[in-house]
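Below is one structure, written out as structure tokens, with a few remarks after it.
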Amino acid sequence: MSRVNRVIKTRDLAETALLVGIGFLLHAFFPAIVLGMKPDFSLAMLFIVLIVKRDFSLGLLAALATGIFTALTSAFPGGQYANLIDKLITFLLVSALIRLISDRLDERVAVGIITAIGTIISGTVFLGSAALIAGLPTSFKFLFYTVVLPAAAVNTVTAIIIYLAFSYSRKAIRIRSGKAEEA
């Protein structure tokens, strides 16, 4: 493997930063729905990065940034540490899931399935680590059914819509840059 293949390209880094930034803004301004917990839109953006880029180093960087950003905006008891733990574990598990299923399915379908499963993994890890760190304000089961499962549904729809827009914009840029090179 040449050195060029191991270096993160500026374009990939910029696209990742844009998606992580959008996820952070959505996460920061969306209100909590149950006992300080809220849907984590930054996960949807992280999953899009992982699916589209398929670069472990870039994915790890995006997971760390997402964990830090969500920790900064968490109102949940113990949520700061739980967010960091959950994003790193989710990154590892979702990366493996992507390798297993993404080549077998249409990418749009894979985005939906990976986002739904990934959000459930993330929510479960978040609640489990928050329970160990600070305790939960109510039962795990209640929070899982009232926050994690609805968040999985919302994140799945969000990820599919943003993935389609992202894919369309990348194709439009390629077409436009191809025409610019021909002129």
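Of note:
- Dividing the summed -39500 (n - 2.57) terms of all DSSP H runs of n ≥ 4 by the residue count of the chain sets its mean residue ellipticity at 222 nm at -26500 deg cm²/dmol.
- Here the contact order of the chain, divided by its residue count and restricted to Cα pairs under 8 Å and six or more residues apart, works out to 24 percent.
- Oblate is the label for the stretch 87-160, because the ratio a/c of its alpha-carbon gyration tensor axes (a ≥ b ≥ c) is 1.5 or higher and a/b is not greater than b/c.
- Estimated FRET transfer efficiency (Phe29, Phe144; beta-carbon r; R0 25 Å; 0.05): 0.55
- Taken over the stretch 1-148, the percentage of Cα pairs per 5 Å bin, counting from 0 up to the bin with the maximum distance, is 2, 10, 20, 22, 19, 13, 8, 4, 2, 1, 0.
- Against the rule of thumb 2.2 N^0.38 Å, how large the Cα Rg of the stretch 8-60 comes out: 1.27
- Eligible lysines near Lys87 by straight Cα distance, threshold 20 Å, same-chain separation 8 or greater: Lys38, Lys53
Quick note: the coordinates plus some simple rules give every number you see, no bench work behind them. Here the structure is a predicted model, which is why all the values come from computation and not from measurement. In this analysis, Cβ positions are derived from the backbone assuming ideal geometry, glycine residues included, and neighbour counts consider all displayed protein chains.
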